[in-house]
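Heads up: the structure comes next, in structure tokens.
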Amino acid sequence: MDEKEVFVEYYGSAKKREELAWHHKDPVGFLPKIVEQAEKPGKALDMGCGTGVDSVFLASKGWEVTSLDFMTEAIQMTKERAEENNVSLNAVQADIIDWQCDEKFDLLVDAGLMHNMRRERILTYRDKISHLLKPGGHFMLAHWESMNDDDRLNAGPRRSTRSQIEKHFSGTFDSLTEFDRKQVQTCQLCSGYVCERNKEPACSEVGPQLSIGFYWFTK
Ligand SMILES: C[S@@+](CC[C@H](N)C(=O)[O-])C[C@H]1O[C@@H](n2cnc3c(N)ncnc32)[C@H](O)[C@@H]1O
């Protein structure tokens, strides 16, 4: 399935933003920590902003935010969320690879974009974001992780190990400042001990459990 088609399906079947599979209320991963340790608010780019949770969090902390997504629904939901929270942000509908931008940012956020990207675009994406980030800037990535052989199902985003991600970005960003992971149980039937993939929809799609890796890179 094409990269964008997946999201056409998701946004098309969600009646409200809370029904989207990646719905979350709190800012992702290290974002609160990055904001806290910054001397002052800077310019942030939320790549694949979705419904705008992280964009609105950053804007509420005084950051100048650009929220980018290639889906019309995502841009609409982000604008609505910003309005509800009385914050302003710059919402841009574009594919990150094709987006023409002369600005540089202090912070780039990718929570769930890269792990859905087609392999042949990954290197271009890495070069693009390296170009968009100021020296000394931060890149916060949330990416599904490989845990064991059982998580290598065909559906869902790509899983990568921490060392694969580190290797991919070595030479692009100077250091991995912090790493963390969160494990999520998608199947309530067997705790992943005996996989009952055919009985639980989430299980048959993405496996009985998944792990999300959070990466904080500094350039
Ligand atoms: C898994 S969702 C996560 C949304 C949001 N970051 C969050 O954590 O709630 C990924 C989002 O990235 C967007 N997206 C995926 N690939 C993209 C691309 N190449 N350019 C722009 N947006 C993209 C999708 O439309 C979707 O809204």
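No lab work stands behind these numbers, since they all come straight from the coordinates. What you see is a predicted model; the values in this text were computed from it and never measured. Virtual Cβ from ideal backbone geometry, glycine too; neighbours counted across all protein chains shown.
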Worksheet item: How many nm is it between the label spots at residue 21 and residue 183, if each spot is 7 Å from the Cα in line with the beta carbon?
Response: 2.1
Response to the item:
Here the relative contact order (percent) of the chain, from C-alpha pairs under 8 Å and at least 6 apart, is 17
Discussion item. Less than 13 Å Cβ to Cβ from residue 96, Lys/Arg counted +1 and Asp/Glu -1: what total charge do the surrounding residues give?
Written reply: -2
Item to complete: With a 10 Å radius around each residue's Cβ, average the other Cβ atoms per peptide and rank 74-86, 123-135, highest first.
Response: 74-86, 123-135
Worksheet item: Quick one: Kirkwood hydrodynamic radius for the stretch 3-218, alpha-carbon pairs, angstrom, one decimal?
Response: 17.9
Worksheet item: So what's the projected area for the stretch 1-55, the Cα convex hull averaged over all directions, in nm²?
Response: 4.7
Worksheet item: If you rank 163, 67, 146 by fewest surrounding Cβ atoms within 10 Å, what's the result?
Response: 163, 146, 67
Item to complete: Express as a percent, rounded to the nearest 5, the fraction of DSSP beta bridges in the chain (both residues included) that run antiparallel.
Response: 45
Worksheet, complete the sentence: Residues 56, 109, 8, 184 in order from fewest to most other beta-carbon atoms within 10 Å are 184, 8, 56, 109
